[in-house]
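Working notes, beginning with the structure itself.
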Amino acid sequence: MPKHGDVWCDLCLVQGADRPAPPCRGAATRRPRSCLQRGQTRRTDAVLYSEDVVLASGGSAASQISVYISDVKKERQKTMPVDMSGETHQALQEQRMKAVCQRFSFLFPVTYCIEYMVFGRNPDAKIGHVRLFRKRIPLLGYRTFCAPSTSTSYAAPITYVFWSFVCFNLFCYAMGENWIYKWLALQWGLVILFFTLLFHLVYSDPGYVRPSYMDGDGRGGGELTLREIEKKHKESLWESVNGVPMERKWCATCEMHRPVRAAHCYLCGLCCYDHDHHCSMIGTCVGRRNVEVFIFFVAMSALGCIVPTMTMLVSWIYHREKLSPLQQLLSVILFLSFLFFSGLITPISVSMCTVNITETTTRERVQRVYAKKRNPFTRTYLQNIVHHVLRRGASPCLFTEEFLRECALRFEKRNLGTGETIGCV
């Protein structure tokens, strides 16, 4: 083993080296503690370097970074179009939204456990980014549940609701006031209602549109890049609704001119009737079949934050001497979290109620669809409320038994030879 001066460097201590170590340039100066004098031994074992390590190309760090940046730009040019239409820009925004949701991936196992216990490992079929499960419910028979790939998003809200509810119960028992238990009972009802509505929204059909590629040769329905979406762009069709021209945009993924007021969700991979928005907090779309339930869900969520906020505020003013200093600190943190979400969710519930009363969608309001023309779907405020609450009713669900069988056959053909087959129901 070669030596360098009076010291032995780390590379000289490699066991079983087939060739002498490279020259040690100032090892004692750079890392004096890592070098050993002649005859001394290290307490720890020597580092063993893998033989599979590839030698550097010889370029400087700056040149290697430049090559890496150049490769990234070339890859970006393959997927990013030069000019983006409104549809492509929407797809880009939803991709960014998905990237933001991935930051909470450490909570996703919560959703994985729930879905595994309820639905099992493999879906009965799949379309777009939506998995379809057909399960038998006692007294109700077989039902189809749709689970979008973004259903993992609801892990964050249910985790917060569960632990904040536990802490609120401990706070009420620490106070020990009779009047506070009445508000605690109300909170129990709101939390149970929250979970019931949440699972109903996530695993039910929001109003998906049957894609046209289901009637074709089976080649469509794949994931498209932004460049491919822009390349397949077609001019819109126009349809008169109560004397007002309404646009029917082309959907490159579903390969059709979608119905009026429908929009494609690039997170779910399907178009949706009367698409309001994709809720990134619960991971599902809000559309024709669930908008009323979603409004009720948001209103109950806001009330579920306001009730503990006011309860803790009154208890803090009149009975905070019952709490220890540590309990006071923890109760302040819990109170601030309830206050924050009260201020966040309450405006959302008001906005959704406005959507219902004016017979518009959040998408139409953001895009100012009716800025220069009247809304052909609206009535008076009272008539709009009566229409949504009493008259409209639920639209037919896309996921019938026949449709599920078609999806299962299509999914099985696309996975042929991969070892993954899905049986028909």
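What follows draws every value from the coordinates through simple rules; no lab data is involved. Source: prediction; values computed, not measured. So basically every Cβ, Gly included, is an ideal-geometry build from the backbone, and we count neighbours across all protein chains shown.
Over segment 245-388, one equal point on each Cα, no solvent: what is log10 I(q)/I(0) by the Debye formula at q = 0.18 Å⁻¹?
-1.05
Modelling each spin label as a point 7 Å along the Cα-to-Cβ direction, I'd like the S351/A99 distance in nm, to one decimal.
In this crude spin-label approximation the distance works out to 2.2 nm.
For T380, T144, what ranking results if the residue with the fewest other Cβ atoms within 10 Å of its Cβ goes first? Walk me through the numbers on the way to the answer.
Working: T380 10, T144 21.
By the 10 Å Cβ count, ascending, the order reads T380, T144.
Contour minus end-to-end for A61 and S395, with contour as 0.36 nm per residue of separation and end-to-end as the Cα-Cα distance? Provide the component values of the computation, followed by the final result.
Values: separation 334, 0.36 × 334 = 120.24 nm, distance 6.05 nm.
Extra length from A61 to S395 when fully extended: 114.2 nm.
Relative to 2.2 N^0.38 Å, what does the C-alpha radius of gyration of segment 216-329 come to as a ratio? Two decimals please. Before the final figure, lay out each step's value.
Details: Rg = 23.6 Å, N = 114, 2.2 N^0.38 = 13.3 Å.
Output field value: 1.78.
May I ask you to sort L398, L237, L140, L92 by Cβ crowding, counting other Cβ atoms within 10 Å and putting the fewest first? Before the final figure, lay out each step's value.
Numbers: L398 22, L237 13, L140 7, L92 16.
Ranking L398, L237, L140, L92 by Cβ neighbours within 10 Å, fewest first, gives L140, L237, L92, L398.
Could you tell me the calculated FRET efficiency between K182 and Y370, based on Cβ-Cβ distance and R0 = 41 angstrom, to the nearest 0.05?
That gives a FRET efficiency of 0.35.
Could you give the length gained by full extension between T225 and N122, i.e. 0.36 nm per residue of separation minus their alpha carbon distance, to one decimal place?
Working: separation 103, 0.36 × 103 = 37.08 nm, distance 2.68 nm.
Extra length from T225 to N122 when fully extended: 34.4 nm.
How high is the FRET efficiency from F296 to L344, r the C-beta distance, R0 22 Å, rounded to 0.05? Please report the intermediate quantities before stating the final value.
Working: r = 18 Å, r/R0 = 0.81.
Efficiency computed from Cβ-Cβ geometry: 0.80.
Amide H of H257: which non-local residues (sequence gap of 5 or more, or other chain) have their own amide H closer than 5 Å, using H built in the peptide plane?
Under 5 Å from the amide H of H257 lie the amide H atoms of C251, each far enough along the sequence or on another chain.
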